[in-house]
Each structure stands twice: as C-alpha cells, then as structure tokens.
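What follows is a set of notes on a single structure, which appears directly below.
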Amino acid sequence: MTDIKEVSYEEIRHLVSDRALEGETMLLNMGPQHPSTHGVLRLLLELDGEKVVNCIPDVGFLHTGIEKNMESKTYQKAEVMTDRMDYMNPLGNNLTYVLAVEKLVGLDVPERAQAIRVILAELQRISSHLVWLGTSALDVAAMSVFLYCFREREQILNIFELVSGQRMMTTYFRPGGLWRDVPSGFEQAVREFLEVMPHRIDEYEALLTKNPLFLDRTLGIGSISAEDALNWGLTGATLRASGVSYDLRRFAPYSGYEQYDFEIPLRTEGDVYARYIVRILEMRQSLRIIEQALRKLPAGPVRSSNRKFVPPPRSEIGTSMEALIHHFKLWTEGFSAPQGSVYVATESPRGELGCFLESDGGPKPYRVHFRTPSFDNLQVLPKLSKGFLVADLVAIIGSVDIVLGDIDR
Amino acid sequence: MMSEKLSQHITSLVEKFEGTTAEFAGETTVIIPAERIESAARFIHDYLGFKFLSCLTAVDYYPQDEPRFHLFYRFNSIPEALSLNVRVPVSGINPSISTLEKVYSNANWHEREVYDLFGIKFEGHSDLRRLVMPADWQGHPLRKDYPLGYEEPQYTFNYEEISVRKPKGSRE
C-alpha cells in the first residue's frame, strides 16, 4: 500500500477567498452522498450566511477508466462500455461511437437503419428529459411531477426492451447498422406513445410553467450570458437557453437529420426557467421528428452488406464458407481500421457528445476520448452559483442537467 | 468536402504559425509547434472567429519520445458552421505546454484531465490539480506504459512466487 497523501492546505488555498482564511465565511462540504447533487458530486461551498461565495466542484467518484479499457478491446467489443458512461443516454452514446467507427473505416449505413436510429435517439432524448424534469422539479419541491414523468419514461423503456431486450444498456446500434431489425410491434408501440405524449407534456406544463412557486424558484436564478456560455463550452439546452443556436443536428447533421423538419427552441434569458422552457419545447420537437421518421420509415436491410466489417446473418453461416470465415474473423480478431483519427459529435440530451477515435491500423482503438456535455456544463457551476442561496444552487445543479457517469467516465 | 472558407482559414493559420497539414477521412488537421499554441489559439479565437473549444485531449505515442504526445484541439465557429482540428506535438521529456485557459475558459478542466491522465503540465494554469483520479494517486493512467491494472491470480502453489513480483508502492 502506498501512504495516503492528504491534500495540503497550501494546495487548495488559492481556491477560497481571504475571508475564509480569517474565518469570516464558512466552508461547507456538500455531497458526494447528497440527494440533490444528482449522483456522486462533491461540492466544497464557501458560504457567507446562506449566500454562496464560491463553490468548488470535486468530481471523479465515478471514474471507471472507460477510455483506458476500450483500448484493450476490439472495435465491436468496446461498444458495450459506451452504454455505461451517460446512463441516461445509452443509445445516444452508442450512436456517437458507431458513427465514429463508421467514419474511421468508411462504412455506409442503410437508410432503414438510419431512420430507426433517429427514432430511438429521439425517444432516448425524451426519456432523459423526463428524468431531468422529474428530478429537477423535485429539487424545487414540486413532488408530483416526478411520478408522472417516470410513468411516461416507463413506456419508452418498454419500447427499448421490445427492440433490444434491454431497458437501459441496449448496445443496439452496431457499426454498419443495427443489431437486428425492430420487431413487428415496434411501430404500433411508438405510435401509441406519440398519441399520449403531447397531452402528457401539457400536464407537466400545467403543473409547472405558470406555477408561482416554481417561478419564484427559477426566474432570474443562475443566469449566464450568451458570450460567457460559449466561452465556457456549454452545449445543449443550457447554451440554447442563453440564446446561442447551436444544435449538432443542424450544425453537422448525422444519421439523416437533415431530412427532418424541426425547430431549435431558443431563449435569451439564460436562467433556470429558460432552460426548463427550452427542454419542454425540445421534447415536443423530438415528437415531431419521431413522427416524420416513422411516417417514411423505408423498408430494406438494417445492416451494411460489407462483410469485412459487419458479421453475416446466422442463416448464411450454414451454407457459405465465406460467411463462416467472416464470422470467425470478426468475432475473434475483429476488423482493422486504417491509421488515422476522427472526431464525431452528436447532440445528446445534454449537449455535444463527441467521440475522438484514433487507430494505429490494428483491430483495437489506439485512443478513445469522449468529449461529454456534462463535463463542460458542470465546470461553469461556480460561475452560475455565485451570490445565490444554497437552495438556489440546488435548482441550478438540476437545471444544467448533469450525469456524473458522463463526467467521470 | 472542405468548404472554401475553411481552407482559407487553414492556409492563414499554416502561414502564420509554421504549421503543416494532414488529411484523413475528408478532414484536414493543422499541426502547430508547441511553443506557438497560445498565440495560435488567440488568432483562432479573435481573427478566425472560432469562439468555441469543443474538444481538447491527448494521445500517447510511447515508446516514441520526440514527440511522445500529441494534443488534439477542435474549435468550432458557430455562425460559419465550421470545425477546425489542430494537433500539437509535445516532447516526452518533461512534457509541458502553455495553457489555453485565458482564451477559452472551458480549457481549465480539459487541461486538468489531460494533466491527470497523461502527466502533461500546462504552464500558467490557474488550478492544475488532478481531476478524476484521487489526489494521492501515483502515475498517469492513460499513458501507454501504464498497465491496465489486472492482478495475477495467486494460488497456494505459486503464492510466494507472485508476491515477489507484485507491484508495490509506485505504479510508474
């Protein structure tokens, strides 16, 4: 065992003000086990009475070395780890990773697979927003919204279970397409969801949007200007609530998003309330996208027929020697990617989720890095929370919508 | 295909900062020498209009030493819908490079992460502490000479033998 080195006073004294050193302000530890830090986030708060003078986030409690582990697995096998990063958005993580692999090796994806990817990614966005809405409303003491949100989320998770057999860790998107085609009940299940969901969003809005207690807790709290938001690398609804129209689905369309007609909700106030409004509107836009994708869902294959990268269907293995060889090669050695690096970004429910993937020509990634939205969104917390009350800080953490698995990886 | 605007930006960047370019998968990456990165970032931010630092990470090319690391930066220009990739080679002996924190505020945590996991020092950084690993951790896990961290299973017949070569203390 190594000796445990404690962090010395000198090492962190530049983080707090001189008043703290004289004992005028109080240093208070919040988390890592705290119900409203949304996971294992620790905050060191410097408080003047109940006012936040400074807030120092401490992350890493959920660091699992995913990037290092992926370097020792083949491209197909590394994918299962991506599910476990942002556990509110496993399909979105899969999508980013497979898009990066596809760009690296130059693989085409059939149109049906692309449309199904869009439908599932948007369902995932809604389910993530529902968890955000429920928990952040709970943070500002609106209890009932939580129960309604989880009712609808259940419906979405049932659809994921229907297509992949798993409610959360799906690994359903694969390089070159999908694991398998969606089952026959899929379209019906999505239609049922599309029918009920708009009314359910109206219900949430009836509980919150004009609720004076909710307005008191959210209006003018934790605001940030467009320029600062951009400089601090904020993305997603948090950036769009400050008035910057940056959505990867428009900025650099992937998976056929350019074919769909949707709006990017914008607000300029940049406070907790504006972020709430933007996310509510985003859910409605996601429903629009799903509806369009479902309407023109093309028939055809869901996997690329390029056998050098995509395993052949089971039925071929019994009759074709070639197929058997490909099957064997792909599941033992894996496929090799050309030497080089790519960066692919998608719009996750929280913002820009990017995957930097470098290959040295072998069957395993040489380096994988995920640029995760929560990482940048949490970083700005000290700036957002300065001068507000501890109770407001809780509302602000909820509003930037962080997932600690996404930050620590 | 690369837009004309982007290729103009890349040309001006290459000329001004003695850069070179590399192509892969339809994208161009500008390679800039390490000592010019801070002024290059200011130029990219102020004159080329890339106001958004989207990604900052590193790659380790161990056992190669000169350069051992590459830092990878990606800048976005939102009004022009352009992305710019920049790579900076960093030596493996006392790896260090100047910080971009003063130009792009969000570089703060990204650089702390790179420092933590690769051991590259960022000169002028306001708060260069470990980010995700514990403060008393030894070594930098994402380096290629850092083992993945499995433990050899010990049985009664080879317990002593493995105990001898088991890593103790420093993991570097």
(request) Of the numbered conditions (1) closer than 22 Å to A:ARG174 by Cβ; (2) modelled with pLDDT under 90, A:GLY222 fails exactly one; give the number of that condition. (result) (1)
(message) Of the conditions (1) within 17 Å of the chain's Cα centre (by Cα); (2) loosely packed, with under 15 Cβ neighbours inside 10 Å, A:MET85 satisfies every one except a single condition; which number is it?
(response) (2)
(request) Output the residue which, of all residues in segment A:366-409 that are more than 10 Å from chain B (Cβ to nearest Cβ) and at positive phi, is farthest from the chain's Cα centre (by Cα). (result) A:GLY387
(request) From B:SER83, B:SER91, grab the single residue that is touching a strand residue (DSSP E or B) at 6+ places or on another chain (Cβ under 6 Å), of a type in the set (Gly, Ala, Ser) and either more than 9 Å from every other protein chain (Cβ to nearest Cβ) or surrounded by fewer than 22 Cβ atoms within 10 Å (Cβ to Cβ) (or both). (result) B:SER83
(message) Filter segment A:62-77 down to the residues that are touching a strand residue (DSSP E or B) at 6+ places or on another chain (Cβ under 7 Å) and either within 14 Å of another protein chain (Cβ to nearest Cβ) or surrounded by fewer than 17 Cβ atoms within 10 Å (Cβ to Cβ) (or both) and list them by number.
(response) A:GLU67, A:MET70, A:GLU71
(request) Please determine, by comparing only the residues of segment A:333-356 that are out of contact with any His (no Cβ under 8 Å at 6 or more places or on another chain) and of a type in the set (A, V, I, L, M, F, W, C), which one is nearest to the other protein chains (Cβ to nearest Cβ). (result) A:VAL342
(message) If I ask for residues that are away from every other protein chain (no Cβ under 11 Å) and under 27 Å from A:TYR366 (Cα atoms), which ones from segment B:125-165 would you list?
(response) B:ASP145, B:GLU151, B:GLU152
(request) Assess whether B:TYR73 counts as being at pLDDT 90 or above, away from chain A (no Cβ under 11 Å) and either under 10 Å from the mean Cα position of the chain (by Cα) or on the phi > 0 side of the Ramachandran plot (or both). (result) no
(message) Looking at A:TYR97, A:TYR87 in this structure, which one is more than 9 Å from every other protein chain (Cβ to nearest Cβ) and in a helix (DSSP H, G or I)?
(response) A:TYR97
(request) Being without any contact (Cβ under 8 Å) to a residue 60 or more places away in the chain, more than 8 Å from every other protein chain (Cβ to nearest Cβ) and surrounded by 19 or more Cβ atoms within 10 Å (Cβ to Cβ) is the filter here, so list the residues in segment B:94-106 that pass it. (result) B:PRO95, B:GLU101
(message) Exactly one of these conditions fails for A:ALA293: (1) surrounded by fewer than 17 Cβ atoms within 10 Å (Cβ to Cβ); (2) in contact with a helix residue (DSSP H, G or I) (Cβ under 6 Å, 6 or more places away or on another chain). Give me its number.
(response) (1)
(request) Among the residues of segment A:48-76, write down those that are more than 26 Å from B:PRO134 (Cα to Cα), touching a residue at least 12 places away in the same chain (Cβ under 8 Å) and assigned to a loop (DSSP other than H, G, I, E, B). (result) A:GLU50, A:THR74
(request) Could you run through segment B:101-154 and say how many residues are in a helix (DSSP H, G or I), out of contact with any Asp or Glu (no Cβ under 7 Å at 6 or more places or on another chain) and not charged (D, E, K, R)? (result) 5
(request) Would you mind telling me which numbered condition in (1) surrounded by fewer than 22 Cβ atoms within 10 Å (Cβ to Cβ); (2) touching a Ser or Thr at 6+ places or on another chain (Cβ under 7 Å) A:LEU104 fails? (result) (1)
(message) Kindly evaluate A:LEU281 against the criterion of being within 12 Å of chain B (Cβ to nearest Cβ), within 27 Å of A:ASP392 (Cα to Cα), touching a Pro at 6+ places or on another chain (Cβ under 9 Å) and at pLDDT 90 or above.
(response) no
(request) Starting from residues that are of a type in the set (Asp, Glu) and not in a loop (DSSP other than H, G, I, E, B), keep the ones in segment A:292-344 and report whichever is modelled with the lowest pLDDT. (result) A:GLU316
(message) For segment B:8-34: of the residues being over 19 Å from A:VAL105 (Cβ atoms) and free of Cβ contacts under 8 Å to residues at least 12 places away in the same chain, which is surrounded by the fewest Cβ atoms within 10 Å (Cβ to Cβ)?
(response) B:GLU15
(message) With the structure loaded, tell me whether A:ARG240 is within 14 Å of chain B (Cβ to nearest Cβ), among the basic types (Lys, Arg) and surrounded by fewer than 24 Cβ atoms within 10 Å (Cβ to Cβ) or whether it fails that test.
(response) no
(request) Return yes when A:SER136 is modelled with pLDDT under 90 and crowded, with 23+ Cβ neighbours inside 10 Å and no when it is not. (result) yes
(message) For the list (1) among the aliphatic types (A, V, I, L, M); (2) within 14 Å of another protein chain (Cβ to nearest Cβ); (3) under 22 Å from A:ASP108 (Cβ atoms), I need the number of the one condition that A:LEU330 fails.
(response) (2)
(message) If I ask for residues that are in contact with a strand residue (DSSP E or B) (Cβ under 7 Å, 6 or more places away or on another chain) and closer than 30 Å to B:VAL30 by Cβ, which ones from segment A:294-352 would you list?
(response) A:ALA337, A:PRO338, A:GLN339, A:GLY340, A:SER341, A:VAL342, A:TYR343, A:VAL344, A:ALA345, A:THR346, A:GLU352
(request) Would you mention how many residues in segment A:23-64 are small (Gly, Ala, Ser) and over 18 Å from B:TRP109 (Cβ atoms)? (result) 3
(request) Look at segment A:77-87 and say how many of its residues are under 28 Å from B:ALA135 (Cβ atoms) and not aliphatic (A, V, I, L, M). (result) 3
(request) Give the residue, chosen from A:LEU389, A:LEU330, A:LEU357, that is surrounded by 15 or more Cβ atoms within 10 Å (Cβ to Cβ) and under 30 Å from A:THR218 (Cα atoms). (result) A:LEU389
(message) Looking at A:LEU45, A:LEU27, can you tell me which residue is part of a strand (DSSP E or B) and touching a residue at least 24 places away in the same chain (Cβ under 8 Å)?
(response) A:LEU45
(request) Kindly establish whether A:GLY362 is away from chain B (no Cβ under 14 Å), assigned to a loop (DSSP other than H, G, I, E, B) and modelled with pLDDT under 90. (result) no
(request) Go through segment A:47-61 and count every residue that is away from chain B (no Cβ under 11 Å) and surrounded by fewer than 22 Cβ atoms within 10 Å (Cβ to Cβ). (result) 7
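The values are calculated or read from the model by the stated rules, or taken from the named source; none is laboratory data. Just so we're clear, the structure is a prediction, and the values are computed from it rather than from any experiment. Cβ: placed from backbone, ideal geometry, glycine included. Neighbour counts: every protein chain shown.
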